[in-house]
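**Q** Have a look at the structure that comes next, please.
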Amino acid sequence: MKTIQEINEKIKNGEVVVLTAEEMIEFVKEKGVKEAAKKVDVVTTGTFGPMCSSGMYLNLGHTKPRIKIGGGRCYLNAVACYTGFAAVDIMLGATSLPDNDPRNRNYPGEFSYGGGHVIQQFVLGENIELYAEAYGTDCYPKKELKTYINIKKVNEAVLFNFRNCYQNYNVAVNLSDKTIYTYMGMLKPKLGNANYCSAGQLSPLLKDPYYKTIGIGTKIFLGGGIGYISWWGTQHNPEVPRTDLGIPKFPSGTLAVIGDLKQMSPEFLVGVSIVGYGVSLVVGIGVPIPVLNEEIARWCAVSDEEIFAPVVDYSKDYPEVTGKPPLGFVSYKELRSGEITIDNKKVPTGALSSYKKARQISKILKDWIKKGKFFLTEPVENLPSVGSGIKYKFLE
């Protein structure tokens, strides 16, 4: 048994042993779980994919005379923000779109511009056009504001994402006779392709399936800077069938994360347009996992061939949260090979997430820890796990 405090002392003294999740898999194959638990202190993970439930909130600073944007309307580069806060606090969601823009209809083949792109431009340091309308009060008499802002001018710029890092996810296919356009990308008819969105063996929550070390307050790599897990994410759903290793066989746990946008990089926060669906934000996240015992060491060594995802027909069977999907399960090893077999048909696969970038994130986080730039944190509270009673609910 080790403690996080002991591992932090090793980081401080330059004695810590850190491996990426990929390296841990190879270490355990060669040396075994017991030796890994003894020798390895930290395993770093990474993921980089579209995470629609993301956004930024800003405090703009007051004008002269003052304006109460709260309750009014506000736009950044013509993209609508949420203003239901105080005078100059606003929030921009990753999927927000401009008003009265024909691209809102998202005809196949058209690309959209929206919140995710604005967030990336903001992190790049570009000037963003701000337009606001207010109803005016005695203490906030100004009724209209048009100006330019950038990340250096605002008081606070915070990335706050309330559902990121899904613990496993669907493989999306289409059994219908027509092409469909989804947040999982374009799906060709009659099993023409299969899309997935996970870093598999590098993905954070698949390396700690019961959230033994990952919890509220955990310090993480977020968007190229430092962030924290602030809560469990929306649609957190730990009560799903699992393999003998504890790996969920369906979409399960999620994370809510927060961090200072002024520390972050446009390389790890990328606005994207998903044809036929809308816009999103690709987010880079890396979570360090302290190897406190043999159980955690074994989980950290789970490989793509041991992780299975459900194949779901998005033309009729989505959402599929629990139970056996009609088309079975495939491993991430199969998915990453570029082809899977469904009903005796070979189907090409495509990833919405970038394994290459996930690997890069795990290496950056490893480097930060080895150089003493990043210390681990004790969770102030565990995330709800199996037995918590928290389950995903459908709106009736």
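**Q** Based on other C-beta atoms within 10 Å, arrange 197, 165, 300 from fewest to most.
**A** Ordered by Cβ neighbours within 10 Å, fewest first: 197, 165, 300.
**Q** Quick one: angle between helix 115-124 and the longest Cα principal axis of the chain, in degrees between 0 and 90, rounded to 10, please.
**A** In the chain, helix 115-124 runs at an angle near 90 degrees to the longest axis.
**Q** Further question on the same structure: Would you tally the net charge around residue 178, using a Cβ to Cβ cut-off of less than 14 Å, leaving residue 178 out, and scoring K and R as +1, D and E as -1?
**A** The answer is +1.
**Q** Mark the label point 7 Å from the Cα of residue 150 along Cα→Cβ and return the residues of region 53-79 whose backbone N is within less than 16 Å of it.
**A** Counting only backbone N, you get 77.
**Q** Sticking with this structure for a sec: If I stretch the segment between residue 381 and residue 394 completely, what's the gain in nm (0.36 nm per residue apart, minus their alpha carbon distance), one decimal?
**A** 2.0 nm
**Q** Is there a quick way to get the dipole size of region 216-336? I mean about its Cα centre, with the Cβ of Lys and Arg at +1 and of Asp and Glu at -1; what is the value in debye to the nearest 20?
**A** Value, rounded to 20: 240 debye.
**Q** Where does the chain land at 222 nm, in deg cm²/dmol rounded to the nearest 500, when only DSSP H runs of n ≥ 4 count, each adding -39500 (n - 2.57), divided by all residues?
**A** Mean residue ellipticity at 222 nm (helix-derived): -4500 deg cm²/dmol.
**Q** Tell me, in nm to one decimal, what length is gained between residue 137 and residue 371 on full extension, where the rule is 0.36 nm per residue of separation less the Cα-Cα distance?
**A** 78.9 nm is the gain from fully extending residue 137 to residue 371.
**Q** Are there any chymotrypsin sites (Phe, Trp or Tyr not before Pro) in region 354-396 that are in a DSSP loop and have at most 14 other Cβ atoms within 10 Å? List them by number.
**A** Qualifying residues, ordered by number: 394.
**Q** Tell me, how many Å apart are the Cα centres for region 367-381 and for region 45-98?
**A** 30 Å
**Q** With axes computed from alpha carbons, what is the tilt in degrees of helix 355-370 against the longest principal axis of the chain, rounded to the nearest 10 within 0 to 90?
**A** 90 degrees
**Q** Could you list, in their original order, any pairs among 190/393; 2/152; 68/357; 152/363; 146/373; 212/373 whose Cα atoms are separated by more than 32 Å?
**A** Going by Cα-Cα distance, 2/152; 68/357; 146/373 fall outside the 32 Å limit.
**Q** In region 1-97, which GluC sites (Glu not before Pro) are in a loop and have at most 12 other Cβ atoms within 10 Å, using DSSP for the loop call?
**A** Answer by residue number: 15.
**Q** So which chymotrypsin sites (Phe, Trp or Tyr not before Pro) in region 1-96 pass both tests, a DSSP loop state and at most 14 other Cβ atoms within 10 Å of the Cβ?
**A** 85
**Q** Per q in 0.08, 0.11 Å⁻¹, report the Debye log10 I(q)/I(0) for the chain, using one uniform scatterer on each alpha carbon and no solvent.
**A** So the normalised log intensities work out to -0.45, -0.83.
**Q** How much length is gained if the chain between residue 275 and residue 260 is pulled fully straight, taking 0.36 nm per residue apart and subtracting their Cα-Cα distance, in nm to one decimal?
**A** Full extension from residue 275 to residue 260 adds 2.4 nm.
**Q** Mind giving me the nanometre distance, one decimal, between the label points for residue 62 and residue 267, set 7 Å out from Cα along Cα→Cβ?
**A** 4.1 nm
**Q** Shifting gears a bit: What is the distance in Å between the Cα centres of region 10-41 and region 142-211?
**A** Taking the Cα centre of each part, region 10-41 and region 142-211 sit 31 Å apart.
Since every read-out is calculated from the coordinates, none of them should be taken as a lab result. Because the structure is predicted, anything quoted here is derived from the model rather than measured. Every residue, glycine among them, receives a Cβ derived from its backbone with ideal geometry; neighbour counts consider all protein chains shown.
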